[in-house]
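This report refers to the structure that appears directly beneath it.
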Amino acid sequence: MPTDPGYGPEKIAHLLAALMERLGYEQYAIAGGDWGAIINRFLANNYPERLIGLHTNFVLAGPPEDEAQKNAVTPEESVARAARAEYMQNERAYQQIQGSKPQTLGYALNDSPAGLAAWIVEKFHGWADLPQGSDGNLDDIFTKDELLTNVSIYWFTRSITSSTRIYYESRRNPVQNPLTYIDVPTGAALFPAEIFITPRSWAEASYDLIHWTVMPEGGHFAALEQPELYLNDVRVFFRLLR
């Protein structure tokens, strides 16, 4: 866990690049979601020559400057984007506290295993693709052992504060090398209950996109929620780069 301030996603990307160089890897592949996807984008932006390819299940791209690409959003994408944006209106409170007062939150969560479990499991509940008729029951998707293992990693390592602090650091540390077009072969897996939906045309304007999969089910924590779908897509994408 960092003991000094300043560890935003760009700095973490530099640390990962330095680690891989130290381990002797001249080239390697990267994949991830959530903050992993954000960090990987900075890694690809700063070290494209070191990467074989980039796979993401959290596609990050804003509206392109090109009007044709900006407006080339399909009706299905528009409906999905609007639905997720409406849903997320009531899902952003955690960002504000983690992005402004992470230490205060960290002391509280490190002091209470029940509070820690509630904070983490609430996000699994809010961002999973719960089946219709499940009455919001997480047991339909995750086992108790899976959820408790996730919570226990934070509890026994006392690392919840650093996991919340990255929101604070990301807001307060200016990007040194602004993000541009990612000139690294990129594969994307879009799960329907992701916290936001990026149109394909927007992704194509921001990445060297060579693989695009719209998944039939799954949410934000895709690798845990739908491991077979996720892993198969990672394999399919990187086979293209052999």
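Structural remarks
- Among residues of region 207-242, those that are of a type in the set (Val, Ile, Thr) and assigned to a helix (DSSP H, G or I), counted: 2
- Consider region 90-104 and keep the residues that are small (Gly, Ala, Ser) and more than 14 Å from Glu122 (Cα to Cα). The one that is nearest to the chain's Cα centre (by Cα) is Gly99.
- Residue in region 82-129 that is surrounded by the fewest Cβ atoms within 10 Å (Cβ to Cβ), counting only those that are assigned to a helix (DSSP H, G or I), in contact (Cβ under 8 Å) with a residue 12 or more places away in the chain and among the charged types (D, E, K, R): Lys123
- On inspection, Ile210 does not qualify as closer than 30 Å to Pro2 by Cα and surrounded by fewer than 21 Cβ atoms within 10 Å (Cβ to Cβ).
- Considering each residue of region 8-21 in turn, at least one proves to be closer than 19 Å to Gln176 by Cα and exposed (fewer than 15 other Cβ atoms within 10 Å of the Cβ).
- Any pair with Cβ under 6 angstrom, 6 or more apart, that starts in region 7-36 at a residue that is in contact (Cβ under 8 Å) with a residue 24 or more places away in the chain and in a loop (DSSP other than H, G, I, E, B) and ends at one that is surrounded by fewer than 16 Cβ atoms within 10 Å (Cβ to Cβ) and of a type in the set (A, V, I, L, M, F, W, C): Gln27/Ile52
- For region 150-182, the candidate set comprises residues that are part of a loop (DSSP other than H, G, I, E, B) and among the polar types (S, T, N, Q); within that set, the residue that is surrounded by the fewest Cβ atoms within 10 Å (Cβ to Cβ) is Thr180.
- The set of residues in region 183-206 being assigned to a strand (DSSP E or B), in contact with a Leu (Cβ under 7 Å, 6 or more places away or on another chain), within 27 Å of Glu91 (Cβ to Cβ) and hydrophobic (A, V, I, L, M, F, W, C) consists of Ala188 alone.
- Positions within region 52-67 being under 18 Å from Met215 (Cβ atoms), surrounded by fewer than 21 Cβ atoms within 10 Å (Cβ to Cβ) and not hydrophobic (A, V, I, L, M, F, W, C), in sequence order: none
- Number of the condition not met by Ile197 [criteria: (1) among the aliphatic types (A, V, I, L, M); (2) surrounded by 18 or more Cβ atoms within 10 Å (Cβ to Cβ); (3) at pLDDT 95 or above]: (3)
The values are calculated or read from the model by the stated rules, or taken from the named source; none is laboratory data. A quick note: this is a predicted structure, and the numbers were derived from the prediction, not measured. Every residue, glycine as well, gets a Cβ built from its backbone with ideal geometry; the counts of neighbours run over all protein chains shown.
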